[in-house]
Amino acid sequence: MKKLFIMLCLCTMAVCANAQKFGVWYGMNLASVGGDVDADSEMKFLNIGVDYTAPINDVFDWSVGAAYVTKGAKDWDPSFIQIDANARWNFWQSDEAKIGILAGPYVGYMINDDDIDATGLEANKLDFGIGAGIMGTYSNFSLKLGYEFGITDAIDGPSSPLSSFYIRVGYSF
């Protein structure tokens, strides 16, 4: 009986593992600093990451990812290692494609803030926020459009949450 149970568990894991996907993506964002800081938005072109997606059921997926992202504003380009987690509701599906709405938290750690040193201000190393967007997939390709709203201040002192509109293209395998 014990061997039968173990064999059944292994078979179930093998079938479920087929639906899970790893992906790589590249993107860009229109980054800005909000709050009391007067800074112009700027396009940032260095955003790259990996993610893991697994279905919860026929309509919902969840994913977790790690990325190198550039945020900030004009003349300030802080770089972050960012971890995010998203739940996705797939409101339209076919055999090859699906479109869904996603949302979830992210946390980033600043690894490069050289540009702010000249201003005399000190940057916070931790960025925490909430992201939301829409994602479409066709076969192994994906397109994601979204917005990340920072909750923590990027600079000590004034209110300065980081936020960005983003576009990402990806490939899953």
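The residue that is farthest from Ile111 (Cα to Cα), counting only those in region 153-173 that are among the β-branched types (Val, Ile, Thr) and modelled with pLDDT of 95 or more, is Val169.
Is it the case that some residue within region 146-167 is β-branched (Val, Ile, Thr) and either within 24 Å of Asp61 (Cβ to Cβ) or not in a strand (DSSP E or B) (or both)?
Taking region 146-167 and keeping what is β-branched (Val, Ile, Thr), we get 151-152, 155, 167.
Now restrict to residues that are either within 24 Å of Asp61 (Cβ to Cβ) or not in a strand (DSSP E or B) (or both): 167.
Yes, region 146-167 contains a residue that is β-branched (Val, Ile, Thr) and either within 24 Å of Asp61 (Cβ to Cβ) or not in a strand (DSSP E or B) (or both).
One residue stands out among those in region 1-49 that are polar (S, T, N, Q) and at pLDDT below 95: the one that is farthest from the chain's Cα centre (by Cα), which is Thr12. Within region 91-102, the set of residues being touching a Ser or Thr at 6+ places or on another chain (Cβ under 9 Å) and either in a strand (DSSP E or B) or among the small types (Gly, Ala, Ser) (or both) comprises Ala97, Lys98, Ile99, Gly100, Leu102.
Against the test of being more than 17 Å from Ala154 (Cα to Cα), among the acidic types (Asp, Glu) and in contact (Cβ under 8 Å) with a residue 12 or more places away in the chain, the options Asp51, Asp77 yield a single qualifying residue, Asp51.
Every test in (1) surrounded by fewer than 16 Cβ atoms within 10 Å (Cβ to Cβ); (2) within 24 Å of Trp62 (Cα to Cα); (3) among the polar types (S, T, N, Q) is passed by Ser142 save one, and that test is (1). With respect to (1) more than 20 Å from the chain's Cα centre (by Cα); (2) modelled with pLDDT under 95; (3) farther than 28 Å from Ser41 by Cα, the lone exception for Leu121 is condition (3). Of all residues in region 92-110, those that are closer than 29 Å to Thr70 by Cα have Cβ atoms under 6 Å from Cβ atoms of residues that are among the aromatic types (Phe, Trp, Tyr) and at pLDDT 95 or above, 6 or more apart or on another chain, in Ile99/Trp92; Gly100/Trp89; Ile101/Trp89; Val107/Phe128; Gly108/Phe80; Met110/Phe80. For Ser160, the criteria (1) surrounded by 14 or more Cβ atoms within 10 Å (Cβ to Cβ); (2) among the hydroxyl-bearing types (Ser, Thr, Tyr); (3) in contact with a Lys or Arg (Cβ under 7 Å, 6 or more places away or on another chain) hold in every case but one, which is (3).
Which of the residues belonging to region 50-67 are surrounded by fewer than 16 Cβ atoms within 10 Å (Cβ to Cβ) and under 14 Å from the mean Cα position of the chain (by Cα)?
Residues of region 50-67 that are surrounded by fewer than 16 Cβ atoms within 10 Å (Cβ to Cβ), as a first pass: 50, 52, 54-60, 62, 64, 66.
Once the filter is applied, which keeps residues that are surrounded by fewer than 16 Cβ atoms within 10 Å (Cβ to Cβ) and under 14 Å from the mean Cα position of the chain (by Cα), region 50-67 yields Val50, Tyr52, Trp62, Val64, Ala66.
Scan region 124-145 for residues that are of a type in the set (S, T, N, Q) and either in a strand (DSSP E or B) or within 18 Å of Gln20 (Cα to Cα) (or both) and jot them down. Quick ask: steps written out before the conclusion?
Step one: filter region 124-145 for residues of a type in the set (S, T, N, Q), giving 124, 137, 139-140, 142.
Within region 124-145, Thr137, Ser139, Asn140, Ser142 meet the criteria.
Of the numbered criteria (1) modelled with pLDDT under 95; (2) surrounded by 20 or more Cβ atoms within 10 Å (Cβ to Cβ), the one Asp84 fails is (1).
The values are calculated or read from the model by the stated rules, or taken from the named source; none is laboratory data. All figures in this text were calculated on a predicted structure; none of them were measured in a lab. Using ideal geometry, Cβ is built from the backbone for each residue, glycine included, and neighbour counts are taken over all protein chains shown.
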